[in-house]
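Written out below as structure tokens is the structure these notes cover.
Coordinate-derived values only; no laboratory data. All of these numbers come straight from a predicted model, not from anything done at the bench. Neighbour counts run over all protein chains shown; Cβ positions are idealised from the backbone, glycine included.
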Ligand code: AMP
Ligand code: TRP
């Protein structure tokens, strides 16, 4: 690791955290702590791009924070905070709104999905969401961003914004004796066997917080009974499990369950199919229930404990935001100089 390498990622405090968030993102957040300085953010400003009940939002910010801590993120060694406590995110996002082009944002598939048919009625914030995401990352000049597969396009946009800013302001950056690559293009880290966990009801749909059916996902705070029920009810097809990975092609539900098992156990899909191939789904599912309960049970329990101590959780967020703000303010001061704003020195 060089001194300038830094990890940043964010999770929205909306609805229940599920196995997709855990395997696609949080597990990787935990691993990266050993290699990088990490900043993990509960992105409450992103959450309000669609309506959030205020009391529910407060609860949800604490819940995501609790999930980070319960999963093994160390808020003393690294930084854990909620976005709205560091005003520089919103400030830099405005500058980036003036760097990003309408044509770029028009291509964002997440906006199209979330806005749905009634696009005229979507918030302006939902449309501008990717420039705020770029600001989150670049206000810390973070170099590595662990996310699930669905965030790839947003990361590419962040890279485009960084590059255009560096180009547009190249002369000014030089005049202020700053690094010509003022914003390093952030690299996505999309790793592990479960970068896209699918719904338990439909193997062609992403597991998501907003799916109306709770049976479509395993929530991080589900108890053992709920986990068992959901896995046993998970959609499958009538064929037995194949003996090799190739046999999972065109069998999205089977592929998804094997992928989840692989990610939770740290084993490869091939290895699992060697053990379970040819056998009944029910055997495999029983074993998956045991594994999921073993891995998620302690996290759910720790989250419950933390839910009973909101003062502690809030103190983590305040401490984290105080440390984040120092880094963000420094970047923002340079950005003001680069753009040509006048500021107090
Ligand atoms: P969000 O809940 O949209 O804030 O997502 C938080 C993190 O979880 C992001 O890095 C997403 O890419 C990741 N994520 C969300 N849903 C899934 C899924 N079904 N499979 C894998 N990763 C996911
Ligand atoms: N857009 C991400 C999601 O919906 C959350 C997010 C906001 C994020 N800002 C970020 C992720 C910065 C990584 C880096 O999942």
For region 149-249, please list each of the helices (runs of 4 or more DSSP H) lying entirely inside it that holds at least 3 residues being touching a residue at least 40 places away in the same chain (Cβ under 8 Å) and either more than 16 Å from ligand 2 (Cβ to nearest atom) or over 20 Å from residue 138 (Cα atoms) (or both).
152-168, 224-233
Given (1) within 11 Å of ligand 2 (Cβ to nearest atom); (2) over 14 Å from the mean Cα position of the chain (by Cα), residue 48 misses just (1)
Please go through region 71-129 and pick out each residue that is within 25 Å of residue 57 (Cα to Cα), over 21 Å from the mean Cα position of the chain (by Cα) and surrounded by 11 or more Cβ atoms within 10 Å (Cβ to Cβ).
91, 94, 119, 122, 123
